[in-house]
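The values are calculated or read from the model by the stated rules, or taken from the named source; none is laboratory data. The structure presented is a predicted model; accordingly, all values stated were derived computationally and were not measured. Every residue, glycine among them, receives a Cβ derived from its backbone with ideal geometry; neighbour counts consider all protein chains shown. Each accessible area value is taken on the protein alone, full model and side chains, heavy atoms only, with ligands, DNA and RNA left out. Shrake-Rupley method; radii C 1.70, N 1.55, O 1.52, S 1.80 Å.
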Amino acid sequence: MALRELKVCLLGDTGVGKSSIVWRFVEDSFDPNINPTIGTKLFVKILPLSATFNSLSCSFSTGQVRASFMTKTVQYQNELHKFLIWDTAGQERFRALAPMYYRGSAAAIIVYDITKEETFSTLKNWVRELRQHGPPSIVVAIAGNKCDLTDVREVMERDAKDYADSIHAIFVETSAKNAININELFIEISRRIPSTD
Ligand code: GDP
């Protein structure tokens with residue numbers, strides 16, 4: 001069976017749920033105690049290097065860049081898709097993510113929190129950052145996370161969808177907590193990435 005390797009990087013403000021989305025996708029679990037202020041993603045440090053056949057995780061630091069990295073392989077139609085997922089490990093505040101973070105990425109997931117309007121406002125900055133430093137043909141997906149908290153929603157789904165459409169991005173509302181649209185997000189990304197053969 002053919003194997004496709006797809007590098008995917010995550011962008012978005014601290015605390016929107018990037019690590020939780022990755023964690024849900026790779027390990028199908030949710031840790032409410034992930035501490036967004038700590039800056040490093042603790043979970044990558046406590047996992048054994050190769051937790052299962054399908055997942056591998058590590059974190060590393062080279063010069064000023066810190067990133068965490070996980071992989072997951074899923075079968076989709078007649079192909080195996082190996083996602084190489086890069087998370088920012090708390091570098092969001094410094095904005096200038098090194099080009100190595102984006103280099104070779106087939107897709108970027110930009111995450112905001114539906115309960116925090118400001119995280120949606122800064123989405124445009126993340127898109128600009130990506131356009132400046134990311135590969136030109138990168139597939140962009142926007143995820144409105146924490147959709148389990150609709151009673152404290154600040155961002156309308158329609159507004160986010162309209163914005164995503166205007167930049168030709170995939171759009172979904174997700175909940176890492178309740179496992180809503182997480183697998184669907186990654187499947188849609190792999191569907192949109194053109195095959196290289
Ligand atoms: P990151 O800084 O963007 O990587 O965000 P984290 O994954 O560290 O999550 C920040 C906080 O939001 C943590 O307390 C998570 O438990 C919480 N969180 C993440 N995803 C969800 C979600 O889908 N729903 C709810 N209610 N909380 C979430």
Seminar exercise, completed: Only one of (1) at pLDDT 90 or above; (2) within 15 Å of the ligand (Cβ to nearest atom); (3) surrounded by fewer than 18 Cβ atoms within 10 Å (Cβ to Cβ) does not apply to residue 121, and that is (2)
Exercise. What are the pairs, 6+ residues apart or on separate chains, where a residue within the range 136-157 that is farther than 14 Å from residue 17 by Cβ has its Cβ under 7 Å from a residue that is assigned to a loop (DSSP other than H, G, I, E, B) and open to solvent by 80 Å² or more (accessible area, probe 1.4 Å)?
Worked result: 154/116
Exercise. What number of residues within the range 64-88 are at pLDDT 85 or above, open to solvent by 30 Å² or more (accessible area, probe 1.4 Å) and within 15 Å of residue 195 (Cβ to Cβ)?
Worked result: 3
For this session: Scan the range 168-197 residue by residue and report those that are acidic (Asp, Glu) and either within 12 Å of the ligand (Cβ to nearest atom) or loosely packed, with under 15 Cβ neighbours inside 10 Å (or both).
Result: 173, 184, 197
Exercise. Under the condition of being at pLDDT 90 or above and not small (Gly, Ala, Ser), which residue from the range 16-25 is farthest from the ligand (Cβ to nearest atom)?
Worked result: 25
